[in-house]
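Taking it in order: structure first as C-alpha cells, then the write-up.
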Amino acid sequence: MKKERNELMEEIVSLSKRRGFIYQGSEIYGGLAGTWDYGPYGVALKNNITSLWWKRFVDDRDDMYGVDAAILMHQNVWKASGHVGGFADPLVTDVKTNKRYRADHLLEEMGVDPKGMTLDKMTEVIREKKIKSPEGNDVSDVRQFNMMFKTHVGALEDDASISYLRPETAQGLFVNFKNIIDTFHPKLPFGLAQIGKAFRNEIAPRDFIFRVRELEQMEIEYFVRPTDWKGTFEHFLAQQKEFLTKDLGLNTSKIHVVDIPEADRAHYSKHSVDHEFDFPFGQKELLGLAYRTDFDLKQHTEHSGTDLSYYDEETKERFIPHCIEPTFGVGRLMLAVISDAYTVDELGGEKRTYLKFAPSVAPVKVAVFPLLKNKPQLIDKAQEVFKMLRKEIKGVVFDDNGNIGKRYRRQDEIGTPFCVTIDFDTVEKPEAEVTIRHRDTGEQERVKISDLLTYIKTKIG
Ligand code: GAP
C-alpha cells in the first residue's frame, strides 16, 4: 500500500534525526526556519555526493577550473547580475495577520497552475477564485519580494557598505573569468566550477531540506563560442542524467527532464531544462541547466568597466563567450538520495526499515563486528580486520554495541551495504573466514580474510 506523502516525509525526517544525518538548525532554541544542520552521517553522505560531482565534472576533465569565491561580494555584482532588481518571488500578505505567503503556492494548493502567470494575472485568479490565506483571511494583491539577505560590510551602515550574502554561487565564477584567463590561458570551450553556500530569504521554506534559506550549490559556468551552445547544452544534459543515475544510483523512473517555458525562465536564460524528481511530496525541481548566453559577462563588463571579452586564437576574433550553466542543489540531491533509498520491508518475519543507498554514496560502507563484546580474542581480531579495511576504504566503522540483531538494524537504518562479523571460527580455523551480511537481502556468506579487501572493493566500485 502506498504511504501518505506526509507520513512518509515524517518517517524520513525522523530517521534522519534519529540516526545522525540531519537536525533542525538552532534546535535547542526552538529552531530557525529554513536552516538545517548535518550530523556525522549527513556530512559523510554530503561529502560523498560532492566528491562524486567534483570527480565527474572537474577532476576527470581537462577543460574545467575549480574556484572557491567569497560568499560576500561587492554590491555592484548583484546590480550587474540583475538580482537587486529582479531576484524576487510573488508574495501576498494576509490582510489581518500580516503574514506573508507565496502566491504561486496558494494557487497550486487550489489546483491552479501558476506557471507563466504575470503578477496581475495571479491577483486576478486569486480574486476570481476567492483564494484566502491559510488562516482563512483575505490577501493583498500579488507583489514581488526580493530574496537576497542584505548586510553591511564594515563599521558604517550606509548605502555604500551594503552587501548581500550570495543567492547563487554562479556570480563568484563570472567575476573570476578574467583571473582564470590571465593565469591559465584556457582555450574555448572551458568551464569554471564551484561548490559552496548560497542564501535565499525564502518566504516559505518547506519540505525538510528541499526549500531552505541557507543552501549549498554545485555550479559550472561553461564558456563556448556563440554558435556552439546547443551541442554543449545537450552534452551537459546527458552528463547531469549520468551523474544522477550512475554516480548517485538514483532510480531512473523517478527522474523527469522538463523544458522550462519562457515565462518561467530566470531573467538571464534563453533556454532552460530542469531535472525534476519524484520526491515523497510530488514531482519537483532537483537541478537545472540554463543557456545564460553572454548576459553575465556583458553585464559585468558594463558595470565594472573591465573588459571580459576573449580573444580566440583559432578564429582570430575577439568576442564575449556564451555560457551554459549546469546547476545542482546539494540538499535536494541529499533528499532525493535519502527518499529514494528509504525502504520498509520484512526480513526474517520482522518489519525493518533501511536505506538502500548505492555503495558509492553510503556514509558507511562496511561495519565490522566482533560476535560478542566480552571475548578479547574476538575483539582483537575484529579490530585487526577493521584497521586493515579502514586503511584502504573510506567509511568503515567498528561496532560492538548491543547484540548482533540490534547492530544489523542500526546499520540498515544508516544504509551500510556490508556488515562483517568475526566469530569463533574466524579465530580458531587456520584459513580465517568472516561472515559478510548483505543489507538488501539479509543473506550471509563466508569470505576468507585474505580475500576480504578485494571482495569489498569490487562490490563498492
Ligand atoms: N545559478 C543558477 C541558480 O541558482 P536556481 O534554479 O535558482 O538557479 C539552482 O537554483 C539549484 O539550487 C536548484 O535547481 C535547486 O537544486 C537549488 N536550490 C535553489 N533554491 C533552493 C532552496 N531555497 N533550497 C534548496 N535548494 C535550492
Unique residue being closer than 17 Å to residue 323 by Cα and among the charged types (D, E, K, R) when the list is 213, 225, 200, 206: 225
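Kindly check whether there is at least one residue in the stretch 428-447 that is in a helix (DSSP H, G or I), over 30 Å from the mean Cα position of the chain (by Cα) and free of Cβ contacts under 8 Å to residues at least 12 places away in the same chain. So that I can check it myself, show each step before the final result.
Of the residues in the stretch 428-447, the ones in a helix (DSSP H, G or I) are 428.
Right, trim to over 30 Å from the mean Cα position of the chain (by Cα) and you get 428.
With the extra rule that they be free of Cβ contacts under 8 Å to residues at least 12 places away in the same chain, the set shrinks to 428.
Yes, because at least one residue in the stretch 428-447 is in a helix (DSSP H, G or I), over 30 Å from the mean Cα position of the chain (by Cα) and free of Cβ contacts under 8 Å to residues at least 12 places away in the same chain.
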Single residue of the stretch 212-235 satisfying the filter (more than 17 Å from the chain's Cα centre (by Cα) and within 16 Å of the ligand (Cβ to nearest atom)) that is surrounded by the fewest Cβ atoms within 10 Å (Cβ to Cβ): 233
From (1) under 20 Å from the mean Cα position of the chain (by Cα); (2) exposed (fewer than 13 other Cβ atoms within 10 Å of the Cβ); (3) away from the ligand (no atom under 16 Å from the Cβ); (4) of a type outside the set (Gly, Ala, Ser), pick out the condition that doesn't hold for residue 307. (1)
Cβ contacts < 8 Å: first residue not assigned by TED's automatic domain parsing to the domain that holds residue 282, restricted to the stretch 249-267; second residue in a helix (DSSP H, G or I), any location; separation 6+ or different chain. Result? none
Going through the stretch 111-146 one residue at a time, which ones are out of contact with any strand residue (DSSP E or B) (no Cβ under 6 Å at 6 or more places or on another chain), polar (S, T, N, Q) and exposed (fewer than 15 other Cβ atoms within 10 Å of the Cβ)? 118
Does the stretch 253-267 include one or more residues that are at pLDDT 95 or above, more than 15 Å from the ligand (Cβ to nearest atom) and either among the acidic types (Asp, Glu) or assigned to a helix (DSSP H, G or I) (or both)? yes
Across (1) surrounded by 13 or more Cβ atoms within 10 Å (Cβ to Cβ); (2) within 17 Å of residue 365 (Cβ to Cβ), residue 461 clears everything bar (1)
Residue that is farthest from the ligand (Cβ to nearest atom) [pool: residues in the stretch 236-250 that are touching a Phe, Trp or Tyr at 6+ places or on another chain (Cβ under 9 Å) and open to solvent by 30 Å² or more (accessible area, probe 1.4 Å)]: 249
Which ones in the stretch 159-213 are free of Cβ contacts under 8 Å to residues at least 40 places away in the same chain and either of a type in the set (Val, Ile, Thr) or under 21 Å from residue 319 (Cβ atoms) (or both)? 179, 182, 183, 185
Considering only the stretch 27-57, how many residues are at positive phi and open to solvent by 60 Å² or more (accessible area, probe 1.4 Å)? 1
From the list 149, 199, 174, exactly one residue is open to solvent by 50 Å² or more (accessible area, probe 1.4 Å), within 14 Å of the ligand (Cβ to nearest atom) and under 30 Å from residue 223 (Cβ atoms). Which is it? 149
Say we look at the stretch 58-103 and pick out the residues that are open to solvent by 40 Å² or more (accessible area, probe 1.4 Å) and of a type in the set (Val, Ile, Thr); which of these is modelled with the highest pLDDT? 71
Looking only at the stretch 270-288, count every residue that is assigned to a strand (DSSP E or B) and more than 14 Å from the ligand (Cβ to nearest atom) and tell me the total. 2
Anything in the stretch 321-351 that is of a type outside the set (Val, Ile, Thr), more than 16 Å from the ligand (Cβ to nearest atom) and at pLDDT 95 or above? List them, or say none. 321, 341, 342
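The values are calculated or read from the model by the stated rules, or taken from the named source; none is laboratory data. All of these numbers come straight from a predicted model, not from anything done at the bench. Cβ atoms come from the backbone with ideal geometry, glycine included; neighbour counts cover every protein chain shown. What goes into the accessible areas is simple: the full protein's heavy atoms, side chains included, and nothing from ligands, DNA or RNA. Shrake-Rupley method; radii C 1.70, N 1.55, O 1.52, S 1.80 Å.
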